[in-house]
1. Starting from the stretch 15-40, keep only residues that are of a type outside the set (A, V, I, L, M, F, W, C), then list their pairs with residues that are in a helix (DSSP H, G or I) and modelled with pLDDT under 75 whose Cβ atoms are within a distance under 9 Å, requiring at least 6 positions of separation or different chains.
2. Cβ contacts < 9 Å: first residue at pLDDT below 90, restricted to the stretch 64-92; second residue part of a loop (DSSP other than H, G, I, E, B) and loosely packed, with under 10 Cβ neighbours inside 10 Å, any location; separation 6+ or different chain. Result?
3. Of the numbered conditions (1) at pLDDT below 75; (2) not in a helix (DSSP H, G or I), Thr15 fails exactly one; give the number of that condition.
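The values are calculated or read from the model by the stated rules, or taken from the named source; none is laboratory data. What you see is a predicted model; the values in this text were computed from it and never measured. Methodologically, a virtual Cβ is constructed for each residue, glycine included, from the backbone with ideal geometry; neighbour enumeration extends over all protein chains shown.
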Amino acid sequence: MSDQPFNEIGITNETRKAMYPDNYTDKMGHAFKTMLDDIFRPMHIPRPDPVDHSILIDELEMMYEAHMTIGGQQNRFNASVLKAALNVIRAL
């Protein structure tokens, strides 16, 4: 017999780390993070149907028409503010 050690048959540590990157600590860390996410993540409640602004838009259009027909500088300014509000509400 020779005094040379017999090389172990199998994969090296570098190959093992490349093939199996998760060790016990990594797996426990992932399980712990998943558990914390399940406990502390806020509940996502589905949003209800979109709000219908048609009544508000109708009322603002009536006010806009009233301010435009009356005339005068202040009424024209009020009408422009109402028109801007209508455009914002329609954009929603």
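1. Asn23/Lys17
2. So the pair list comes out as Leu92/Pro50; Leu92/Val51.
3. Evaluating Thr15 over (1) at pLDDT below 75; (2) not in a helix (DSSP H, G or I) leaves (2) as the failure.
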